[in-house]
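Peer 1: Handing you a structure now.
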Amino acid sequence: MARVETVNGPISPEELKLTLPHEHLICTFTVWHTAPDEGRKRALVDAPITLANRGDLLRDAGVSCNNLTMLDVDEAIEELMEFKHWGGNSLVELTCPGVGRDPLALRKISQATGINIICPSGFYIGLSHPPLVKKMDIDGVRDFIVKELTEGISYPVETEIKAGVIKCATLYPISEEEEKVFRGAARAQKETGAPFTIHPTLLDVEKKKKVFDQENIIKMIEKEGANLEKFYMSHMDLTCSDDRSKVNVEFHKKLMDKYPIILEYDTIGNESWWNSLWPGALFVSDNERLLAIAELCDQGYEKQLMMSQDVFTKLQRVKYGGWGYAHILKHIVPRLRYMGVSKKQIRTMMIDNPKRILSY
């Protein structure tokens, strides 16, 4: 019988209900820290976030190591309670080994809030890989992930908590180490049937351009035998418009027409800039995301879409002036309804699709 594996053990798919499929509660994403050249910004690297510097940080979010670090369990509990207050039930916490994964902390948060939390196995971008990854070949990666899905999470400490989803990530161009991890993860998916998500290549840092290379990743994991019906591609909303904010979903439609995958619009609420990393560019706006979602729903693609917020920085939390984990329920769903997206379509994206993709 199909189940969903949470940090508190297996539950039935029906227990998921309203689900955020891509979030972070405990994490250290300093792998994205970019040391600022400008002298005035150097003071922001370790400074606490205040109303006085929040504006500067929103224009260069990666200069602050403090912004990129979320380790306070009590703060995570407090932030997550608003999501519960607005009707949220479940959350996929996609922090991998190497960037602060802590299944024991996630269990504490789940037990304190009553929110179902799913923890991943897999590895993030190559720059964050723990030393153990270099010692693995493709099948070593497969064995590591299979063990964490079937016996218990083993890094950095042994636990009996099982992972319930596979996650991998890559930069551009994909490195040999990242490709090894992708192929091993695909073999683990084939063996276990577990859900599988990828943070794909989005930015060519050298050329300062968006990358539309996601299909090569799909072909790679398909070649390894992964079940694409259990696959969802993260952060696709970042490619729903061009650099002049003209919405264009033809690329997304092409992928969904060709493959039985789910695309995730999962950076909703994040409208920050990362000028030291990618000068002049910003995350797409919520207005662009909403226009794209509405257009795709108008054309009947809601069965291949999910929504989330990918809260991975302090700036995104309510305590620091952000929208928090309830943003979609509080602000986005009402706006989509106003734009003509039906209650049934919203239920499909937020309840039915997560239930289908996360159960195995």
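The values are calculated or read from the model by the stated rules, or taken from the named source; none is laboratory data. Computed from a predicted model, the values in this text were never measured in an experiment. For neighbour counting, all protein chains shown are included, and Cβ atoms are generated from backbone atoms with ideal geometry for every residue, glycine included.
Peer 1: Pairs needed: first member in the range 252-276, crowded, with 20+ Cβ neighbours inside 10 Å; second member anywhere, modelled with pLDDT under 95 and of a type in the set (S, T, N, Q); C-beta distance under 8 Å; at least 6 residues apart or different chains.
Peer 2: Close Cβ pairs (under 8 Å, with a partner that is modelled with pLDDT under 95 and of a type in the set (S, T, N, Q)) amount to His252/Thr239.
Peer 1: Given the criteria in contact with a strand residue (DSSP E or B) (Cβ under 7 Å, 6 or more places away or on another chain) and either part of a helix (DSSP H, G or I) or at pLDDT 95 or above (or both), does Phe144 qualify?
Peer 2: So Phe144 does not fit the description; no.
Peer 1: Among the residues of the range 57-79, which ones are within 20 Å of Val318 (Cβ to Cβ) and more than 21 Å from the chain's Cα centre (by Cα)?
Peer 2: Leu57, Asp74
Peer 1: Moving on to the next point. Does at least one position in the range 53-60 carry a residue that is over 23 Å from Pro97 (Cα atoms) and part of a strand (DSSP E or B)?
Peer 2: Yes, there is a match, as at least one residue in the range 53-60 is over 23 Å from Pro97 (Cα atoms) and part of a strand (DSSP E or B).
Peer 1: Scan the range 21-50 residue by residue and report those that are in contact with a helix residue (DSSP H, G or I) (Cβ under 7 Å, 6 or more places away or on another chain), not basic (Lys, Arg) and not in a loop (DSSP other than H, G, I, E, B).
Peer 2: Pro21, Val31, Trp32
Peer 1: Also, I was wondering about something else. Any idea which of Ala163, Ala185, Ala194 is under 25 Å from Met307 (Cβ atoms) and either outside any loop (DSSP other than H, G, I, E, B) or in contact with a His (Cβ under 9 Å, 6 or more places away or on another chain) (or both)?
Peer 2: Answer to the selection: Ala185.
Peer 1: Same structure, new question: Any chance you could count how many residues in the range 195-221 are under 18 Å from Ile166 (Cβ atoms) and without any contact (Cβ under 8 Å) to a residue 24 or more places away in the chain?
Peer 2: Of the residues in that region, 1 qualify.
Peer 1: A further question follows. For the range 303-328, which residues satisfy the criterion of being in a helix (DSSP H, G or I), touching an Asp or Glu at 6+ places or on another chain (Cβ under 9 Å) and not basic (Lys, Arg)?
Peer 2: Passing the criteria: Gln316, Val318, His327.
Peer 1: Within the range 94-122, track down each residue that is farther than 24 Å from Glu264 by Cα and part of a helix (DSSP H, G or I).
Peer 2: Of everything in the range 94-122, those that are farther than 24 Å from Glu264 by Cα and part of a helix (DSSP H, G or I) turn out to be Leu104, Ala105, Arg107, Lys108, Ile109, Gln111, Ala112, Thr113.
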